[in-house]
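The values are calculated or read from the model by the stated rules, or taken from the named source; none is laboratory data. Just so you know, these numbers come straight off a predicted model, no measurement behind them. All Cβ positions, even for glycine, are placed from backbone atoms using ideal geometry, and neighbour counts span all protein chains on display. Please note that ligands, DNA and RNA were not included when accessible areas were found on the heavy atoms of the full protein model with its side chains. Shrake-Rupley method; radii C 1.70, N 1.55, O 1.52, S 1.80 Å.
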Amino acid sequence: MTLETDDLLQSILNSLDRIHYIKPEDVPDIELYMDQVTTFMGSRLKSASRHPEEDKILTKTMINNYAKNDLLPPPIRKKYTKEHILVLIFIYYFKGFMSINDIQAVLKPITDKFFCKEEGLKLEAVYNEVFGLEREEVEALKKDIVEKFHKSQNTFGSAPEEDREFLQLFSFICLLSFDVYVKKLIIEKLIDQYQESLQS
């Protein structure tokens, strides 16, 4: 491996260390207006964005569409609670690889059962439970990425030297893409099975 490929791998691993979920205690415990919601989400999630200076994490139009498509419970007197923010964080992570219909299928049972509940399991507890697994998952992901990277570096050994680096990068991208593709298929199958169980 060249210094450049070592640097590439280290850069990828470092970027995984910079992924931090928004802790419930970081979310304001007061109701927010739409502009305050978009500002809060932008400030907390911008570092995970591909183009932090250009990408809009969340816009008013997005929030209105989420409410219209039954992904997000409607605001209360044009204000959004802490629980609205938690739902928006779920949507933010899901929208990169799930359709609006699939996000709705996954989130609606959660918001129906746990959103703004006075007693029993609350949405914040659900959020804490699933995002609390993050650290352990990041370490497992790092190990998997290192293995895929080394595997890709062993491909195209007989290719012309001027083509080899890009072909090895292409192998790495394909390995990661196959992983995403398979996991997306599994997610869709789980959602379909859940929806079928509701109809039977």
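Does L88 count as in contact with a helix residue (DSSP H, G or I) (Cβ under 6 Å, 6 or more places away or on another chain), open to solvent by less than 50 Å² (accessible area, probe 1.4 Å), modelled with pLDDT of 90 or more and not acidic (D, E)?
no
Looking at the structure I just gave you, is I173 farther than 30 Å from F40 by Cβ and surrounded by 16 or more Cβ atoms within 10 Å (Cβ to Cβ)?
Considered against the rule, which asks whether it is farther than 30 Å from F40 by Cβ and surrounded by 16 or more Cβ atoms within 10 Å (Cβ to Cβ), I173 comes out as no.
Checking the conditions here, which among E83, E118, E124, E129 is open to solvent by 20 Å² or more (accessible area, probe 1.4 Å), outside any helix (DSSP H, G or I) and charged (D, E, K, R)?
Residue meeting the stated conditions: E118.
So how many residues does the range 1-57 have that are closer than 21 Å to I91 by Cα, of a type in the set (G, A, S) and modelled with pLDDT under 85?
Residues in the range 1-57 being closer than 21 Å to I91 by Cα, of a type in the set (G, A, S) and modelled with pLDDT under 85: 3 in total.
Is it true that some residue in the range 148-163 is in a helix (DSSP H, G or I), open to solvent by less than 60 Å² (accessible area, probe 1.4 Å) and out of contact with any helix residue (DSSP H, G or I) (no Cβ under 6 Å at 6 or more places or on another chain)?
no
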